[in-house]
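Everything on this sheet refers to the single structure shown next.
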Amino acid sequence: MALRHSDIKGMDVSLNGATESSAVFTIVIDERNGDALTARGRSNLVFSMDKSGRMELTGGYEVEQGSYNLSLSVMKRKFAIQRGSTITWTGNPMRATMDITATYTANTPSIDLIANEITGRSVEEINKFKQKLPFLVKLKMEGELLKPKITFDLTLPTSVLALLQDVDLRLQQIRTQESELDKQVFA
(Lines give C-alpha, C1' and ligand atoms only; values in the text may rest on other atoms or scores of the structure.)
Protein backbone atom coordinates (compact mmCIF):
# COMPACT_ATOMS: atom_id res chain seq x y z
CA MET A 1 0.00 0.00 0.00
CA ALA A 2 1.61 3.27 -1.06
CA LEU A 3 -0.80 6.05 -0.15
CA ARG A 4 1.27 9.06 -1.09
CA HIS A 5 -1.24 11.17 -3.07
CA SER A 6 -4.74 12.32 -2.27
CA ASP A 7 -7.65 12.78 -4.66
CA ILE A 8 -8.03 16.23 -3.11
CA LYS A 9 -5.91 18.66 -5.10
CA GLY A 10 -5.35 22.42 -5.34
CA MET A 11 -4.70 23.10 -1.64
CA ASP A 12 -1.57 23.48 0.43
CA VAL A 13 -2.24 21.98 3.86
CA SER A 14 0.05 21.75 6.85
CA LEU A 15 -1.05 20.42 10.24
CA ASN A 16 0.94 20.06 13.43
CA GLY A 17 -0.53 17.57 15.83
CA ALA A 18 0.36 16.24 19.23
CA THR A 19 -1.36 13.59 21.29
CA GLU A 20 -1.27 12.93 24.97
CA SER A 21 -1.12 9.50 26.54
CA SER A 22 -4.91 9.05 26.71
CA ALA A 23 -5.18 8.87 22.91
CA VAL A 24 -5.45 5.29 21.60
CA PHE A 25 -3.68 4.41 18.34
CA THR A 26 -4.51 1.17 16.49
CA ILE A 27 -2.79 -0.28 13.43
CA VAL A 28 -4.01 -3.44 11.76
CA ILE A 29 -0.88 -5.29 10.61
CA ASP A 30 -2.59 -8.31 9.04
CA GLU A 31 -6.35 -8.06 8.57
CA ARG A 32 -6.74 -11.73 7.55
CA ASN A 33 -5.56 -13.21 10.83
CA GLY A 34 -6.30 -10.29 13.16
CA ASP A 35 -2.76 -9.12 13.95
CA ALA A 36 -3.10 -5.62 15.35
CA LEU A 37 -1.10 -3.17 17.41
CA THR A 38 -2.93 -0.96 19.90
CA ALA A 39 -1.07 1.67 21.88
CA ARG A 40 -1.42 4.69 24.10
CA GLY A 41 1.33 7.23 24.01
CA ARG A 42 2.56 10.64 23.04
CA SER A 43 3.19 11.92 19.57
CA ASN A 44 4.35 15.00 17.79
CA LEU A 45 3.40 14.74 14.11
CA VAL A 46 3.43 17.10 11.14
CA PHE A 47 1.12 16.34 8.20
CA SER A 48 1.40 18.21 4.92
CA MET A 49 -0.24 18.02 1.51
CA ASP A 50 0.79 20.12 -1.47
CA LYS A 51 -1.40 21.35 -4.35
CA SER A 52 -0.74 18.17 -6.37
CA GLY A 53 -2.21 16.03 -3.57
CA ARG A 54 1.15 14.66 -2.40
CA MET A 55 1.01 13.89 1.33
CA GLU A 56 3.77 13.64 3.91
CA LEU A 57 3.80 12.73 7.58
CA THR A 58 6.82 13.29 9.82
CA GLY A 59 7.38 12.88 13.52
CA GLY A 60 7.24 10.21 16.14
CA TYR A 61 4.95 8.29 18.45
CA GLU A 62 6.32 7.01 21.76
CA VAL A 63 4.35 4.20 23.35
CA GLU A 64 3.53 4.39 27.05
CA GLN A 65 1.46 1.20 27.07
CA GLY A 66 -0.25 -1.06 24.59
CA SER A 67 -0.51 -4.52 23.14
CA TYR A 68 0.19 -6.51 20.02
CA ASN A 69 -2.22 -9.33 19.15
CA LEU A 70 -0.31 -12.03 17.29
CA SER A 71 -2.02 -14.93 15.51
CA LEU A 72 -0.06 -17.78 13.99
CA SER A 73 -1.98 -20.84 12.87
CA VAL A 74 -4.05 -21.85 15.93
CA MET A 75 -1.96 -19.82 18.38
CA LYS A 76 -3.20 -16.41 19.49
CA ARG A 77 -1.22 -14.36 21.99
CA LYS A 78 -1.53 -10.84 23.37
CA PHE A 79 1.89 -9.28 23.95
CA ALA A 80 2.27 -6.23 26.22
CA ILE A 81 4.23 -3.44 24.51
CA GLN A 82 7.05 -2.03 26.59
CA ARG A 83 7.10 1.66 27.41
CA GLY A 84 9.50 3.63 25.19
CA SER A 85 8.78 1.65 22.01
CA THR A 86 8.48 4.01 19.02
CA ILE A 87 6.91 4.52 15.61
CA THR A 88 8.57 7.15 13.40
CA TRP A 89 7.35 8.76 10.17
CA THR A 90 9.79 10.44 7.78
CA GLY A 91 7.58 11.17 4.76
CA ASN A 92 5.19 8.66 3.24
CA PRO A 93 2.30 8.17 5.73
CA MET A 94 2.23 4.42 5.00
CA ARG A 95 5.97 3.87 5.51
CA ALA A 96 6.58 4.45 9.18
CA THR A 97 9.46 2.72 10.95
CA MET A 98 8.86 0.73 14.11
CA ASP A 99 11.08 -0.11 17.05
CA ILE A 100 8.71 -2.01 19.31
CA THR A 101 9.40 -4.53 22.05
CA ALA A 102 6.54 -6.52 23.54
CA THR A 103 6.41 -9.38 26.03
CA TYR A 104 4.19 -12.29 26.95
CA THR A 105 4.61 -14.51 30.02
CA ALA A 106 4.10 -18.22 29.38
CA ASN A 107 3.80 -20.28 32.55
CA THR A 108 5.05 -23.64 31.39
CA PRO A 109 7.41 -26.41 32.57
CA SER A 110 10.98 -26.55 31.25
CA ILE A 111 11.01 -30.34 30.79
CA ASP A 112 10.36 -30.20 27.03
CA LEU A 113 13.11 -27.63 26.62
CA ILE A 114 15.76 -29.92 28.13
CA ALA A 115 14.18 -33.33 27.40
CA ASN A 116 17.39 -34.64 25.76
CA GLU A 117 19.46 -33.77 28.83
CA ILE A 118 17.55 -35.43 31.67
CA THR A 119 18.36 -39.10 31.13
CA GLY A 120 20.04 -40.62 34.15
CA ARG A 121 18.75 -37.96 36.55
CA SER A 122 16.91 -38.66 39.77
CA VAL A 123 13.12 -38.47 39.98
CA GLU A 124 13.51 -35.47 42.27
CA GLU A 125 15.59 -33.61 39.65
CA ILE A 126 13.19 -34.51 36.84
CA ASN A 127 10.23 -33.30 38.91
CA LYS A 128 11.99 -29.94 39.33
CA PHE A 129 11.82 -29.51 35.52
CA LYS A 130 8.10 -30.40 35.51
CA GLN A 131 7.22 -27.34 37.61
CA LYS A 132 5.72 -24.42 35.71
CA LEU A 133 8.06 -21.47 35.26
CA PRO A 134 7.36 -17.87 34.13
CA PHE A 135 9.07 -17.87 30.72
CA LEU A 136 9.17 -14.37 29.23
CA VAL A 137 8.61 -14.44 25.47
CA LYS A 138 9.98 -11.22 23.98
CA LEU A 139 8.79 -10.05 20.57
CA LYS A 140 10.80 -7.39 18.73
CA MET A 141 9.24 -5.57 15.75
CA GLU A 142 11.58 -3.46 13.67
CA GLY A 143 11.50 -1.87 10.27
CA GLU A 144 8.59 -0.89 8.08
CA LEU A 145 5.22 -0.51 9.80
CA LEU A 146 3.21 -2.72 7.42
CA LYS A 147 6.02 -5.25 6.81
CA PRO A 148 7.88 -5.47 10.10
CA LYS A 149 10.77 -7.80 10.80
CA ILE A 150 9.68 -9.81 13.83
CA THR A 151 12.18 -11.62 16.04
CA PHE A 152 11.78 -13.40 19.36
CA ASP A 153 13.73 -14.13 22.53
CA LEU A 154 12.95 -16.45 25.42
CA THR A 155 14.14 -15.78 28.97
CA LEU A 156 13.41 -16.48 32.60
CA PRO A 157 13.77 -14.13 35.56
CA THR A 158 17.38 -14.06 36.83
CA SER A 159 16.36 -15.49 40.20
CA VAL A 160 14.87 -18.57 38.48
CA LEU A 161 17.84 -19.02 36.12
CA ALA A 162 20.22 -19.07 39.09
CA LEU A 163 18.38 -22.14 40.43
CA LEU A 164 18.10 -23.92 37.06
CA GLN A 165 21.47 -23.60 35.35
CA ASP A 166 20.63 -26.45 32.92
CA VAL A 167 17.70 -24.40 31.61
CA ASP A 168 19.86 -21.27 31.41
CA LEU A 169 22.49 -23.10 29.32
CA ARG A 170 19.80 -24.52 27.03
CA LEU A 171 18.28 -21.05 26.49
CA GLN A 172 21.73 -19.70 25.60
CA GLN A 173 22.15 -22.50 23.03
CA ILE A 174 18.72 -21.91 21.54
CA ARG A 175 19.41 -18.19 21.03
CA THR A 176 22.18 -19.08 18.55
CA GLN A 177 19.73 -21.01 16.33
CA GLU A 178 16.86 -18.83 15.11
CA SER A 179 14.73 -21.75 13.89
CA GLU A 180 15.08 -23.57 17.23
CA LEU A 181 14.27 -20.37 19.13
CA ASP A 182 11.12 -19.85 17.03
CA LYS A 183 10.14 -23.49 17.61
CA GLN A 184 10.46 -23.10 21.40
CA VAL A 185 8.63 -19.76 21.43
CA PHE A 186 5.64 -21.27 19.62
CA ALA A 187 5.72 -24.49 21.65
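Counting the residues of region 85-130 that are over 30 Å from M49 (Cβ atoms), in contact (Cβ under 8 Å) with a residue 24 or more places away in the chain and open to solvent by 50 Å² or more (accessible area, probe 1.4 Å) gives 7. Here is a check on your reading of the model: is E178 of a type in the set (D, E, K, R) and farther than 19 Å from M75 by Cβ? No: the conditions fail for E178.
State whether the residues of region 161-173 include one that is among the small types (G, A, S) and at negative phi. Yes - at least one qualifying residue is present in region 161-173. For region 39-51, the criterion of being among the acidic types (D, E), modelled with pLDDT under 85 and not in a strand (DSSP E or B) is met by no residue.
Residues checked against (1) surrounded by fewer than 12 Cβ atoms within 10 Å (Cβ to Cβ); (2) among the acidic types (D, E); (3) more than 18 Å from T97 (Cβ to Cβ); (4) without any contact (Cβ under 8 Å) to a residue 60 or more places away in the chain:
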| site | (1), (2), (3), (4) |
| --- | --- |
| I29 | no, no, no, no |
| A36 | no, no, yes, yes |
| L45 | no, no, no, yes |
| D50 | no, yes, yes, yes |
| G53 | no, no, yes, yes |
| G59 | no, no, no, yes |
| S67 | no, no, yes, yes |
| L70 | no, no, yes, no |
| F79 | no, no, yes, no |
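Rundown of residues vs (1) part of a loop (DSSP other than H, G, I, E, B); (2) more than 16 Å from P148 (Cα to Cα), yes/no style:
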site	(1), (2)
I27	no, no
F79	no, no
R83	yes, yes
I87	no, no
P93	yes, no
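Tell me, yes or no, whether region 135-150 has at least one residue that is more than 20 Å from the chain's Cα centre (by Cα), at pLDDT below 90 and surrounded by 14 or more Cβ atoms within 10 Å (Cβ to Cβ). So far as region 135-150 goes, no, none of its residues is more than 20 Å from the chain's Cα centre (by Cα), at pLDDT below 90 and surrounded by 14 or more Cβ atoms within 10 Å (Cβ to Cβ). Of the residues making up region 100-141, those that are touching an Asp or Glu at 6+ places or on another chain (Cβ under 6 Å) and in a strand (DSSP E or B) number 1.
The values are calculated or read from the model by the stated rules, or taken from the named source; none is laboratory data. What you see is a predicted model; the values in this text were computed from it and never measured. Positions of Cβ are backbone-derived with ideal geometry, glycine not excepted, and every protein chain shown enters the neighbour counts. Each accessible area value is taken on the protein alone, full model and side chains, heavy atoms only, with ligands, DNA and RNA left out. Shrake-Rupley method; radii C 1.70, N 1.55, O 1.52, S 1.80 Å.
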